[in-house]
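Notes follow the structure.
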Amino acid sequence: MQYYTVVGDSYDDAVKKARSLYGDGIRIHSRRDYTTGGGLFTKRRQHCEIVCYLAHGGGSGRSGERDISEFAAEAKTPDPSTLTTSEMLDTEIHRTRTENPEAARMLDQNHITDPLRSALLESFPSDGDAAMILSDRILKTVGIDYGKQIHPRHFVVFVGPTGSGKTTTLAKVAYLYGREERSVGIITLDSYRTGAYDQIAAFGTALSVPVLSAGAEDELIRATEKFSWKDTILIDTMGLSPKDKELNLRLRGLLSMLDGDRTDYIMTVSASMKEEDIMDQYTAYEQFSPSALAVTKLDETETIGNVLSFSYKVGVPVLFFTDGQKVPDDIEKASGTVILSHMKGFGLDMKRSRAQLSLD
Ligand SMILES: Nc1nc2c(ncn2[C@@H]2O[C@H](COP(=O)(O)OP(=O)(O)O)[C@@H](O)[C@H]2O)c(=O)[nH]1
Ligand SMILES: [Mg+2]
């Protein structure tokens, strides 16, 4: 059964979103309420995450005539405090968690958390090779943006916290796209910090990709006009600053100049961080609606379960993985093989698969 995760500001909001995305036939599998923010960047925010699935025979239509509250009441997961012990034992999550201890152990070893964990363990066969079955499920469940690996939009903007690897990854991506016969230009909006322009300009020179700098709206318009014949324009940004509100406004103002229909935002997240910290950072960058993730610093961590769990939770697929500081070599397009090769216990030799991948 296919599961979908939807996050809203409240339970009703999440159900409404799920209903408009997947139609009337959705049923709620589980619900989780949590808060984010309250850190340097953001106010504390309430979220409600629901995991839902399509009821048999339903789900083809979009929102029908029924009132949302009626639908929500019908779909609501029972309050656990009202269930008897035997009913509790019969819940899907409980059954799947106890069904295959080997599969559960492998997921825990890789720091895979709910709702991805539950989705992967759901109705797990009690016999058979747990690693093989899990591999297959991971490949089917984890979101990979294959389309954008080959056909990026005209503007590809890299956002993410300072130090997460935006500039380095952008340079590597410029090389990847350039290698596929696309003509690529780079515009950096990070023209304030000392050395920021020099860093990207040096990458541009080494890769033979032209780099322009734009610190104000008119400069950005001129730069995009100059590159209008390019297939893809990669845009480097500064990280949002917890202290400098003016800088954040300026970044938002600059980015609002780009044609939204021709722009994708890619968020860089470091795989060496805890999932909760990645989620906190994401809250600050959610305003840009990132369509995909570039996961950096795989070389600094043993497993990528934290990032996969996060990606599934927020519904943003993975696009690229980077595993070192070398430009342009240390980057891979996200794929099932690359994902499994960076997880413990799945029997894929990282170095071998890396070498094979670099042959293509
Ligand atoms: N180990 C490792 N370091 C990386 C990786 N990607 C970037 N870095 C390093 O992280 C630091 C910050 O990268 P940078 O691209 O300047 O981050 P930005 O501030 O987001 O633009 C630099 O020293 C990079 O060399 C990676 O995949 N692995
Ligand atoms: Mg940078």
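Go through the stretch 280-299 and give me each residue that's part of a helix (DSSP H, G or I) and within 15 Å of VAL318 (Cα to Cα). Write out each step before concluding.
Start the filter on the stretch 280-299 by keeping residues that are part of a helix (DSSP H, G or I), which leaves 280-288, 298-299.
Once the filter is applied, which keeps residues that are part of a helix (DSSP H, G or I) and within 15 Å of VAL318 (Cα to Cα), the stretch 280-299 yields TYR282, LEU298.
Filtered by the rule that a residue be touching a residue at least 24 places away in the same chain (Cβ under 8 Å) and basic (Lys, Arg), the stretch 161-203 gives LYS166, LYS172, ARG182, ARG193. Taking the listed residues ALA223, ALA214, ALA202, the one that is closer than 19 Å to MET257 by Cα, modelled with pLDDT of 90 or more, within 16 Å of ligand 2 (Cβ to nearest atom) and more than 26 Å from the chain's Cα centre (by Cα) is ALA214, with no other qualifying. If the condition is being under 24 Å from ARG262 (Cα atoms) and within 16 Å of ligand 1 (Cβ to nearest atom), then the stretch 230-246 contributes LEU234, ILE235, ASP236, THR237, MET238, GLY239, LEU240. Going through the stretch 229-252 one residue at a time, which ones are at pLDDT 95 or above and not charged (D, E, K, R)? Within the stretch 229-252, TRP229, THR232, ILE233, LEU234, ILE235, THR237 meet the criteria. Residues in the stretch 293-303 that are buried (at least 24 other Cβ atoms within 10 Å of the Cβ) and away from ligand 1 (no atom under 12 Å from the Cβ): LEU293 alone.
Go through the residues of the stretch 267-274 one by one and say whether even a single one is of a type in the set (Ser, Thr, Tyr) and away from ligand 2 (no atom under 16 Å from the Cβ). Taking every residue of the stretch 267-274 in turn, at least one turns out to be of a type in the set (Ser, Thr, Tyr) and away from ligand 2 (no atom under 16 Å from the Cβ).
Restricted to the stretch 300-325, and to residues that are of a type outside the set (S, T, N, Q) and assigned to a loop (DSSP other than H, G, I, E, B), which residue is nearest to ligand 2 (Cβ to nearest atom)?
Narrowing the stretch 300-325 to residues of a type outside the set (S, T, N, Q): 300, 302, 304-305, 307-308, 310, 312-321, 323-324.
Those still in the list that are assigned to a loop (DSSP other than H, G, I, E, B) too: 302, 304, 315-317, 323-324.
Numbers: GLU302: 26, ILE304: 22, GLY315: 26, VAL316: 21, PRO317: 23, ASP323: 18, GLY324: 17 Å.
Within the stretch 300-325, the match that is nearest to ligand 2 (Cβ to nearest atom) is GLY324.
Would you be able to say whether some residue in the stretch 154-162 is within 16 Å of ligand 2 (Cβ to nearest atom) and over 16 Å from the mean Cα position of the chain (by Cα)? Yes, the stretch 154-162 contains a residue that is within 16 Å of ligand 2 (Cβ to nearest atom) and over 16 Å from the mean Cα position of the chain (by Cα). Applying the selection to the stretch 273-290, what residues are free of Cβ contacts under 8 Å to residues at least 24 places away in the same chain and of a type in the set (A, V, I, L, M, F, W, C)? Passing the criteria: none in range.
The values are calculated or read from the model by the stated rules, or taken from the named source; none is laboratory data. Source: prediction; values computed, not measured. Positions of Cβ are backbone-derived with ideal geometry, glycine not excepted, and every protein chain shown enters the neighbour counts.
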